[in-house]
Amino acid sequence: MTELRTVEARKADVLAALQGQGDLWLATADAAGRPHLIAVSAWWDGTDLIVATTASSRTAANFADRPTVRLASGSPADAILIDAKIVESSAASEAADLAEGFSKAVGWDPREVGEGWAFYRLRPTRIQAYRGYDELEGREVMRNSTWLGKDG
């Protein structure tokens with residue numbers, strides 16, 4: 001068994017992954033609770049994750065039905081799970097600042113893909129990070145949108 005990471009170390013690893021990684025899995029559910037899963041590019045702006053999808057998509061409809069989502073990255077050997085709430089949406093064509101930040105972070109601009117794209121700002125409410133089953137205990141690094149540990 002390897003030495004378990006502290007909450008502070010896990011938080012640092014999560015922040016490094018969010019800052020350096022643009023792709024996550026996004027799970028939503030409709031009003032009846034039927035799940036839907038897609039891959040998304042995401043930009044971490046230091047507080048929120050910004051994702052883009054077409055405003056007419058099943059995912060966007062699910063955002064309207066249930067404004068809570070789950071995002072995931074990694075493998076069972078190094079997983080990050082993020083529960084988040086939708087706090088804002090903007091048509092990509094009307095959000096130049098978001099489009100520029102998103103494009104710089106993830107390498108593509110939804111405005112160049114076609115019409116009808118929108119940005120969604122997702123505010124993390126809970127984040128878990130663990131490397132294998134040994135780290136399941138103590139996996140929470142954020143609760144109620146507040147970072148845990150002495151570094152806060």
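The residue list GLU135, GLU88 contains one member that is within 19 Å of ASP48 (Cβ to Cβ) and acidic (Asp, Glu), which is GLU88.
Among the residues of the range 111-152, how many are modelled with pLDDT under 95 and in contact with a Phe, Trp or Tyr (Cβ under 7 Å, 6 or more places away or on another chain)? Count: 3. Screening the range 102-152 for residues that are among the basic types (Lys, Arg) and outside any strand (DSSP E or B) and picking the one that is farthest from the chain's Cα centre (by Cα) gives LYS150. Taken over the range 122-152, the criterion of being touching a Ser or Thr at 6+ places or on another chain (Cβ under 7 Å), surrounded by 13 or more Cβ atoms within 10 Å (Cβ to Cβ) and more than 16 Å from ASP13 (Cβ to Cβ) is satisfied by ARG123, THR125, SER145.
Screening the range 76-98 for residues that are closer than 15 Å to LEU24 by Cα and small (Gly, Ala, Ser) and picking the one that is surrounded by the most Cβ atoms within 10 Å (Cβ to Cβ) gives ALA84.
So that you can scan it fast, the table gives a plain yes or no per residue for (1) part of a strand (DSSP E or B); (2) among the β-branched types (Val, Ile, Thr); (3) at pLDDT below 95; (4) buried (at least 18 other Cβ atoms within 10 Å of the Cβ):
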site	(1), (2), (3), (4)
GLU3	no, no, yes, no
ALA9	no, no, yes, no
GLN19	no, no, yes, no
THR28	yes, yes, no, yes
VAL40	yes, yes, no, yes
ALA52	yes, no, no, yes
LEU71	yes, no, no, yes
GLU100	no, no, no, no
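The values are calculated or read from the model by the stated rules, or taken from the named source; none is laboratory data. Note that this is a predicted model, so its numbers are computed, not measured. Cβ coordinates were reconstructed from backbone atoms using ideal geometry, including for glycine residues, and neighbour counts include every protein chain displayed.
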